[in-house]
Amino acid sequence: MKTWLEPLSVSVPDALAAAIGGHPLVVETLARRGLADPAAARAFLDPDAYTPAAAVALPDVPAAADRVEHALRAGEPICVWGDFDVDGQTATTALVETLRDLGGHITYHIPIRAIESHGVNLPVLQQVIAAGARLILTCDTGIAAAEAAVYARSQGVDVIVTDHHDLPPTLPDARAIVSPKLLPAGHPLADLPGVGVAYKLAEELYRRAGRPEAAERLLDLVALGIVADVARQRGDTRYLLQRGLATLRRTERLGLRMLMETAELNPANLTEEHIGFVLAPRLNALGRLADANPIVEFLTTTDLATARITATGLEALNARRQLMCDQVYRAAEAQLARDPALLDGAALVLAGAAWPAGVIGIVASRLVQRYDRPVVLIAAPPGEIARGSARSVAGCNITAAIASHAELLAGYGGHPMAAGLSLAPERISEFRRGLGRTVAAMLAQAQARPGLAIDGTLPLADLSLDLVADLERLAPFGPGNPPLTLVSRDLTLQNARNVGRNGEHLLLHVADTAGRERKVIWWDGGSETPPAGRFDLAYAARASNYGGARELQIVWLDAHPAAGATAVAAPPPSPVEVVDLRGQPRPREVLARLQAEEEMVVWREGAAAAELPGCDRTNLLPGRALAVWTAPPGPAELAAALAAVAPARVYLFGLDPGADSLDTFLRRLAGLVKHALRARGGRVSVAALAVAAAQREAAVRLGLAWLAERGDVQIVAQTGDEMLLAPGAATGSNAAQVLARLRDLLAETAAYRAYFAVADKDRLVAGSLPLLWNAHAGADRHRAATTGLSHRGAPRRRRESAAESGEEREGRVRRGM
């Protein structure tokens, strides 16, 4: 429970109220945020009323454009050097697309995180120059590349830096340095992220080419980078985001259209939230876990097959990233449970030997939300340099705080709200102590009040789509323009249940004293205990268009006991009994003994289906007991099985079907396809193939796509789950790319099965089982799960909101570092 910071009283000028109109909360918020002047408020709300700064207002844009134009005229090879997060990906794509369009001889390089980390890696630069590059153009990186710039100049190669990271003590000896950090505070271009800086250079190049309107097609990329990099929404940065969102909603980029399709997003209704919680995590997954260089072709391709295959691969990588994040988050919480003193400092610094460096930034953001303080998570594998990611809170410039302890570090860099660092593992404890002192001093100097800032109080009955639409005139929201936090008082909880792929969220129904109900989603609240009795609720309200139906979405932020009420914890949902039989030496005998004692549904797949009577994922029926014989290929399949059976008791056997190696899977799939061609006229069900192969449907689809690319089979038609196959056809050009995506997907399945073999039994099941409980009537959970009825007898839709799938709120970070 956080301290609530009540809104300061504000005097709204009559001219502002007359110019803006609408609900009083809108003009009150504008006034509190320093926009009491009607003209300034209109420019904030409407990009048509804003006058953007010229590109040449950025330092060194004229010099950079001069050098690039010379290279274009002379036919000099230009290498665009980017970064692997979404800001870097989009900045790289924007410059590559622009320079190709202007006739340039262009190559590009995005560092591979696991090998090179951020920045301009000297050995790779040497290879790039040896391959012929005569101009290096960086984006979202390069400001600290002093050594690389010296080497390039020694080889007669110019370097142009476009970057937005904090300036180091010594700038690189570059031909031009285009950085908003060189501008005075408050300048309209001062908050540009990397893609914004790249865009302004592209804007100037197109202006000089006599085609200024051509830059506008890059704005969808700019919107992605601004949101993903958590850029402060002021001046041109907000303007570009507003314009970019409009472009993104009608984007012609096949890659982005396929990405939205696989994520089940309607582009017409897209907001900054969809970028932050749906699109950016999928793009970031590539840079975090693999090689981000293919993203440039993905974002520029005109080949539908290439776009669809890459989008499917990103979906698989993102699922793998989610699993890794959950594992690191649980490990971090376990450290705090073992040593609560780690929370005594003003900054939270944790380290893990087995933590993947690619995901610790995401987890750090989740911990910032939970503990309301700066967080540094450090991946410290034995015998290697430790690498950390930091996330901060208002009032603490985390990069400056880290820089205060540079003597302990091998390297660092970043922004006021996010940073990366490296250090020797033996110095972590000393760094933790020093950073805690520095952060405490910073927060004290900033007079930052920890807590939740409240923007207004509303009766629950006043919440409506019309009101939310009025408030959303203030959107897009983000740093510098946070979403409104509202409070409704004297509520009671009606019911709650876990939702999401792993039950990580909580869906609640609350009611006011008149009995008017509203549905509320508590992101990442799956393991939290809702309040009992009367309480005041702090929340954010938006309009959701998930599934095509526009509805009110209320997001739980915090709760306090209502005036005169006492804080009483509600009883948690009744757990399912979980019996752990993993690793039994004679599992068939154990199963036979259990079956003699009670009726149960046996879920088995793959080769076990031919040996053991039971059900697969397509024909599971409700039952009192469920035996999970085969280790599921992923959490979604486990959740679906538990939902279908709704058991009171679960027996975990979890035998590995041995189906996750690439060769094994492809041999099995090829055999199934041959049988279908011979015996069923080529008609196949993707779900049935997934059952037979003990894999996810996504793997089957990629496997079939690979067979088709090789010319082994032809996909004649497909409708939903059903496909019609025919014998071989012409080969395609994407076989290697499809195979790489399939290999990643199978690796993710293998990782989940390895996790399934050792995870806590109760957490494994409870995290995947949709739970329904009633705070008043004690409705029967088994009946609700099997009939689809709530305690009031109302039919439940398959997905009640974006929360239901858990896909729309993965991670708590908008930027990767």
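The values are calculated or read from the model by the stated rules, or taken from the named source; none is laboratory data. In this text the structure is predicted, and so the values were computed from the model without any measurement. In this analysis, Cβ positions are derived from the backbone assuming ideal geometry, glycine residues included, and neighbour counts consider all displayed protein chains. Keep in mind that these areas ignore ligands, DNA and RNA; they rest on the heavy atoms of the full protein, side chains included. Shrake-Rupley method; radii C 1.70, N 1.55, O 1.52, S 1.80 Å.
List of remarks:
- Other-chain or far-sequence residues with amide H under 5 Å of HIS109's (modelled H): VAL80, TRP81, GLY82
- Placing R0 at 22 angstrom, the Cβ-Cβ distance between ARG33 and ALA469 gives a FRET efficiency of 0.65 after rounding to 0.05.
- Computed FRET value (nearest 0.05) for ALA331 with GLU384, which takes r as the C-beta separation and R₀ as 22 Å: 0.75
- Here the extension length gained between GLU722 and ALA400 equals 110.3 nm, from 0.36 nm per residue of separation less the Cα-Cα distance.
- Sorting 576-588, 241-253, 166-178 by average packing, meaning the other beta carbons within 10 Å per residue, from highest down gives 241-253, 166-178, 576-588.
- Dipole magnitude (debye, nearest 20) for the chain, charges at Cβ of Lys, Arg, Asp, Glu: 1160
- Of ASP721, ASP558, the residue with the largest accessible area leads and the full order is ASP721, ASP558 (1.4 Å probe).
- Cβ-derived FRET efficiency at R0 56 Å, ALA730 paired with ARG649, nearest 0.05: 0.55
- Whole-percent carbon and sulfur share, accessible surface of region 4-150, 1.4 Å: 56
- Within the accessible surface of region 569-658, defined with a 1.4 Å probe on protein heavy atoms only, the carbon and sulfur portion equals 53 percent.
- Packing-based ranking, highest mean first, of 503-515, 635-647 given that Cβ atoms within 10 Å are counted: 635-647, 503-515
- Remark: accessible surface ordering of ARG67, ARG100, ARG649 (largest first) is ARG100, ARG649, ARG67, probe radius 1.4 Å.
- Taking all protein chains as shown and a probe of 1.4 angstrom, GLU748 keeps an accessible surface of around 10 Å².
- Along region 227-234 the Karplus relation, 6.51 cos²θ - 1.76 cosθ + 1.60 evaluated at θ = phi - 60°, assigns HN-Hα couplings of 5, 4, 8, 6, 6, 5, 8, 9 Hz to successive residues, with x for each Gly and Pro.
- Residue among VAL197, ALA280, PRO374 farthest towards the positive dipole end of the chain, charges placed on Cβ: ALA280
- Simple spin-label estimate for LEU677 and ARG710 gives 1.1 nm between the two label positions (7 Å along the Cα-to-Cβ direction from each Cα).
- Probe 1.4 Å - accessible area at LYS181, Å² to nearest ten: 70
- In Hz, Karplus ³J(HN,Hα) per residue of region 145-162 (6.51, -1.76, 1.60; θ = phi - 60°; x = Gly, Pro): 8, 4, 5, 5, 5, 4, 5, 4, 5, 5, 9, x, 10, 7, 10, 10, 9, 10
- Dipole of the chain, positive end: most advanced residue of ALA631, ILE360, SER544 [Cβ charges, Cα centre]: ALA631
- Taking other residues whose beta carbon is less than 9 angstrom from the beta carbon of GLY345, and scoring Lys, Arg as +1 and Asp, Glu as -1, yields +3.
- 3J(HN,Hα) from dihedral phi, region 676-685, Karplus parametrisation 6.51/-1.76/1.60, rounded to Hz, x for glycine, proline: 5, 5, 7, 9, 10, x, x, 7, 9, 10
- Compared with the alpha-carbon gap, the fully stretched path from VAL56 to ALA130 is longer by 23.4 nm at 0.36 nm per residue.
- Once both labels are positioned 7 Å from their Cα atoms along Cα-to-Cβ, the gap between GLN447 and ALA514 label points is 4.1 nm.
- Each Lys or Arg adds one and each Asp or Glu takes one away; over the other residues whose Cβ falls under 13 Å from the Cβ of THR513, this sums to -1.
- Label point distance in nm, THR3-ASP173, each placed 7 Å from Cα along Cα→Cβ: 5.2
- In region 204-315, the portion of solvent-accessible area held by carbon and sulfur atoms comes to 48 percent [1.4 Å probe, whole percent, DNA, RNA and ligands not counted].
- Taking all protein chains into account, the per residue accessible area for the chain stands at 40 Å² (1.4 Å probe).
- The stretch between THR302 and ARG763 holds 161.5 nm of extra length on full extension. This uses 0.36 nm per residue minus the Cα-Cα distance.
- Protein-only accessible surface at a 1.4 angstrom probe places the residues LEU270, LEU323 in the order LEU323, LEU270, largest first.
- Listed residues ALA176, ILE115, ALA91: farthest to the positive end of the dipole of region 66-189 (Cβ charges): ALA176
- Estimated from helices alone, the mean residue ellipticity of the chain at 222 nm is -12000 deg cm²/dmol (sum of -39500 (n - 2.57) over DSSP H runs with n ≥ 4, per residue).
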